[in-house]
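A quick write-up on the structure given underneath.
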Amino acid sequence: MVNGAGLAMATMDIIKLRGGSPANFLDVGGNASEQQVIEAFKILTSDPQVKAILVNIFGGIMKCDVIASGIVSAAKQVGVKVPLIVRLEGTNVEAGKKILSSSNVDIIAADDLDDAATKAVASIQKQ
């Protein structure tokens with residue numbers, strides 16, 4: 001799950017570079033609400049080909065704390081049963097990371113896109 005087509009392409013490319021194979025991508029756009037993130041998770045988790053969920057957000061207009069709240073709510077409501085890797089960068093990133101780390105949701109935090117892709121591929125290989 002990303003915000004922006006360019007970021008989607010880069011994310012899929014680096015997943016391939018790290019030995020993975022993206023099942024699909026979902027672009028939440030630049031101004032997604034918490035409810036839209038929840039709906040995005042419903043779509044992603046309904047696909048049996050999805051073996052992990054990598055969230056790669058660069059918050060400019062999109063605020064990382066809003067995305068983080070949506071991720072936590074979605075994971076709790078939808079019941080994510082695959083590894084969940086999250087990379088946040090940009091507006092309100094520290095607030096977003098704090099929301100994720102204090103959520104009691106099993107989230108694999110990533111520092112950058114390469115780290116996120118590496119962790120996503122590794123999480124699938126462990127299954």
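The values are calculated or read from the model by the stated rules, or taken from the named source; none is laboratory data. For clarity, every value in this text was computed on a predicted model and none was experimentally measured. Note: ideal-geometry Cβ built from the backbone for every residue, glycine included; neighbour counts use all protein chains shown. Areas reflect the complete protein model, heavy atoms only, side chains present, ligands, DNA and RNA absent. Shrake-Rupley method; radii C 1.70, N 1.55, O 1.52, S 1.80 Å.
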Looking only at the stretch 17-38, how many residues end up being more than 20 Å from SER123 (Cβ to Cβ) and open to solvent by 20 Å² or more (accessible area, probe 1.4 Å)? 9
Counting only residues that are closer than 23 Å to VAL121 by Cβ and in a helix (DSSP H, G or I), how many does the stretch 56-67 have? 1
Do we find a residue being more than 11 Å from the chain's Cα centre (by Cα), charged (D, E, K, R), under 15 Å from ILE124 (Cβ atoms) and in a helix (DSSP H, G or I) anywhere in the stretch 3-16? yes
Working only within the stretch 43-78, note down all residues that are modelled with pLDDT of 90 or more, of a type in the set (Gly, Ala, Ser) and farther than 21 Å from SER101 by Cα. SER46
Among the listed residues LYS76, LYS63, which satisfies the condition of being open to solvent by 60 Å² or more (accessible area, probe 1.4 Å), in contact (Cβ under 8 Å) with a residue 24 or more places away in the chain and touching a helix residue (DSSP H, G or I) at 6+ places or on another chain (Cβ under 9 Å)? LYS63
Here's a check for you: in the stretch 30-42, which residue that is under 13 Å from the mean Cα position of the chain (by Cα) and within 19 Å of LEU7 (Cα to Cα) is modelled with the lowest pLDDT? VAL37
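Residue-by-condition table, conditions (1) touching a residue at least 40 places away in the same chain (Cβ under 8 Å); (2) open to solvent by 40 Å² or more (accessible area, probe 1.4 Å); (3) farther than 13 Å from ILE107 by Cβ:
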residue	(1), (2), (3)
ALA40	no, no, yes
ALA52	yes, no, no
VAL55	yes, no, no
VAL72	no, no, no
GLU94	no, yes, yes
Residues located in the stretch 84-103, provided they are farther than 16 Å from VAL2 by Cα and at pLDDT 95 or above: GLU94, ALA95, LYS97, LYS98, ILE99, LEU100, SER101, SER102, SER103
Being surrounded by fewer than 17 Cβ atoms within 10 Å (Cβ to Cβ) and assigned to a helix (DSSP H, G or I) is the filter here, so list the residues in the stretch 98-123 that pass it. LYS98, SER101, ASP114, ASP115, ALA122
